[in-house]
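The structure under discussion appears below in the form of structure tokens.
The values are calculated or read from the model by the stated rules, or taken from the named source; none is laboratory data. Bear in mind the structure is a predicted one, so any value in this text is a computation, not a measurement. Using ideal geometry, Cβ is built from the backbone for each residue, glycine included, and neighbour counts are taken over all protein chains shown. We work out accessible area using only protein heavy atoms, side chains counted, and drop any ligands, DNA or RNA first. Shrake-Rupley method; radii C 1.70, N 1.55, O 1.52, S 1.80 Å.
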Amino acid sequence: RILRSGVEDLPDILALPDLTSPARSPEFHFRMTVEAKDHQPFDHNLLLLLRVYTISALTGELCVIGNCIVRAFSDQEQLNAGGHQLRLRGGMPSKDQTPLTDASLSHQPVIPCCTLLIRILPHRPDVSPSPDYRSGFYFTDRAKPNQSELGIISTFQRNTEFPRTVGEMVQQLVTKEQANVPPDRCLAWYEERLDARKQLPPQHPPAHLSVHHMVCYQQQAGVRV
């Protein structure tokens with residue numbers, strides 16, 4: 001969602017991953033141009049609140065992996081242009097915290113091994129392809145993995161039974177739920193499955209995925225205390 005923009009009727013942000021992209025690192029080929037009506041300037045406090053949803057492999061329920069907040073403008077009121085790697089956090093700002101800032105989630109726990117890579121760019125007719133992660137284009141200082149996360153990532157890399165692509169993961173979910181979904185309808189089914197308005201009762205927001213459900217125990221890896 002776009003918050004504190006000073007402009008009304010801005011659309012929500014909705015992006016689905018490419019079905020051919022890696023299941024462990026989904027790619028979102030998504031672009032959204034935001035323009036104010038009648039050239040009305042945006043408030044320089046404009047924030048982007050980004051949430052990542054998933055389907056719990058254990059319960060089959062729609063839930064939230066985590067959230068992050070990023071400023072669209074700097075203190076000098078310049079566009080916060082460039083690439084940003086954002087850590088996800090397992091919670092939302094407290095209801096009595098106003099106004100919201102990019103630090104409003106700092107009290108929430110960090111979701112391990114899970115970040116969001118985005119670009120904020122000036123509006124142009126054509127947008128260049130996303131630079132490679134290793135190119136140095138993205139601001140990554142606040143998202144560097146710690147030793148525990150590196151250990152978890154290592155177990156991810158050794159797990160050859162995990163679906164390779166998002167499409168394979170979707171097909172696994174279709175099979176598990178015994179849904180009759182033709183291949184050409186997979187993306188539409190997936191979009192509907194992640195729609196909280198269709199999957200949850202009114203006034204019932206999705207719960208946050210428990211951190212204990214984010215990593216499966218593997219006997220070969222063991223447990224480090």
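Overview of results
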{"read-out": "Scope the stretch 70-90; condition on the phi < 0 side of the Ramachandran plot and without any contact (Cβ under 8 Å) to a residue 40 or more places away in the chain; matching residues", "value": "Arg71, Phe73, Ser74, Asp75, Gln76, Gln78, Leu88, Arg89"}
{"read-out": "The stretch 24-68, subset of a type in the set (A, V, I, L, M) and touching a Lys or Arg at 6+ places or on another chain (Cβ under 6 Å), residue farthest from Arg87 (Cα to Cα)", "value": "Leu46"}
{"read-out": "Pairs, first touching a residue at least 60 places away in the same chain (Cβ under 8 Å) and within 16 Å of Ala72 (Cβ to Cβ) in the stretch 95-111, second among the hydroxyl-bearing types (Ser, Thr, Tyr) and open to solvent by 70 Å² or more (accessible area, probe 1.4 Å), C-beta under 7 Å, six or more apart", "value": "none"}
{"read-out": "Count of the stretch 1-34 residues which are open to solvent by less than 70 Å² (accessible area, probe 1.4 Å), in a loop (DSSP other than H, G, I, E, B) and either over 30 Å from Thr160 (Cβ atoms) or of a type in the set (Asp, Glu) (or both)", "value": "9"}
{"read-out": "Residue satisfying all of: in the stretch 112-133; more than 20 Å from Gln78 (Cβ to Cβ) and outside any loop (DSSP other than H, G, I, E, B); most open to solvent (accessible area, probe 1.4 Å) among these", "value": "Tyr133"}
{"read-out": "Any hit, the stretch 134-144, residues being over 24 Å from Val64 (Cβ atoms), in contact with a Gly (Cβ under 6 Å, 6 or more places away or on another chain), open to solvent by 60 Å² or more (accessible area, probe 1.4 Å) and not β-branched (Val, Ile, Thr)", "value": "yes"}
{"read-out": "Strands (runs of 3 or more DSSP E) contained entirely in the stretch 43-109, each with at least 2 residues that are touching a Pro at 6+ places or on another chain (Cβ under 8 Å) and surrounded by 15 or more Cβ atoms within 10 Å (Cβ to Cβ)", "value": "62-71, 82-89"}
{"read-out": "Test: residue in the stretch 70-86 that is within 22 Å of Met214 (Cβ to Cβ) and not aliphatic (A, V, I, L, M)", "value": "yes"}
